[in-house]
1. Looking at I78, is it open to solvent by 80 Å² or more (accessible area, probe 1.4 Å), at pLDDT 60 or above and more than 27 Å from E163 (Cβ to Cβ)?
2. Would you pick out the residues in the range 98-122 that are hydroxyl-bearing (S, T, Y) and assigned to a helix (DSSP H, G or I)?
3. Is one or more of the residues making up the range 62-70 assigned to a loop (DSSP other than H, G, I, E, B), at pLDDT below 95, hydrophobic (A, V, I, L, M, F, W, C) and open to solvent by 10 Å² or more (accessible area, probe 1.4 Å)?
4. Of everything in the range 152-166 that's open to solvent by less than 60 Å² (accessible area, probe 1.4 Å) and outside any loop (DSSP other than H, G, I, E, B), which residue is modelled with the lowest pLDDT?
5. For the range 139-172, give me each residue that is among the aromatic types (F, W, Y) and out of contact with any Pro (no Cβ under 7 Å at 6 or more places or on another chain).
6. Is it true that some residue in the range 123-136 is modelled with pLDDT of 95 or more, out of contact with any Gly (no Cβ under 7 Å at 6 or more places or on another chain) and on the phi > 0 side of the Ramachandran plot?
7. Restricting attention to the range 100-111, and to residues there that are of a type in the set (A, V, I, L, M, F, W, C) and surrounded by fewer than 24 Cβ atoms within 10 Å (Cβ to Cβ), which single residue is nearest to C31 (Cα to Cα)?
8. Take the conditions part of a helix (DSSP H, G or I), closer than 14 Å to Y152 by Cα, in contact with a Leu (Cβ under 8 Å, 6 or more places away or on another chain) and open to solvent by less than 70 Å² (accessible area, probe 1.4 Å) and apply them to A95. Does it pass?
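The values are calculated or read from the model by the stated rules, or taken from the named source; none is laboratory data. The model shown is predicted, which means the values in this text are computed figures rather than measured ones. Virtual Cβ from ideal backbone geometry, glycine too; neighbours counted across all protein chains shown. Calculation scope for accessible area: heavy atoms of the full protein, side chains included, ligands and nucleic acids excluded. Shrake-Rupley method; radii C 1.70, N 1.55, O 1.52, S 1.80 Å.
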Amino acid sequence: MSVIGWQLERAMAANANACQIENIVFPRGWCEGFVGARAWGWRCWRATLFSAARARKRKDRGANNPNFGEALCALGMIEAALGDKDKAIEHGERAVQLVPIEKDAIDGPLLVQYLSIIYSWTGHKDLAIKQLKRVATIPSTINYGVLRLHPYWDELRGDPRFEQIVASLAPK
């Protein structure tokens, strides 16, 4: 099993209904769908698992707080994985507005990082690079290894601007 697969298995083990990746809680179907569809190529499971994750996250978000940035971020990631570009971007941008870096030095950069992923998955590479540059220059969870290896960043690999950001984070 890959390192990413192992991390997601570990994230899923703690809760039967959800998995937590950093400070973002995703429905279990997200982690199963990501491991299966993105990391291992099980395309046939993608729509089923991600759709179930979307339904669960929409329900959770409505029941708790519609202005909870971390929940909107997770929903944006799910929408991006399902190809609903407009909803994905709407949720990702709203999450960043709700939890700005200036007010939350931990989750603020994390949500900008996820917004960059949402932009890249929805075909907006210029916007993705802009957000990634922003978060790569401040204390955050972005590092050389994550950018070099994590499947979240596959869509940006090979773009010279992305590779420049990765190189700037390389161990010296």
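1. Against the criterion (open to solvent by 80 Å² or more (accessible area, probe 1.4 Å), at pLDDT 60 or above and more than 27 Å from E163 (Cβ to Cβ)), I78 does not qualify.
2. Within the range 98-122, Y114, S116, Y119, S120 meet the criteria.
3. yes
4. Only one residue tops the list, namely Y152.
5. Y152, W153, F162
6. Checking the range 123-136: at least one residue is modelled with pLDDT of 95 or more, out of contact with any Gly (no Cβ under 7 Å at 6 or more places or on another chain) and on the phi > 0 side of the Ramachandran plot.
7. Filtering first and then ranking leaves I106.
8. It is false that A95 is part of a helix (DSSP H, G or I), closer than 14 Å to Y152 by Cα, in contact with a Leu (Cβ under 8 Å, 6 or more places away or on another chain) and open to solvent by less than 70 Å² (accessible area, probe 1.4 Å).
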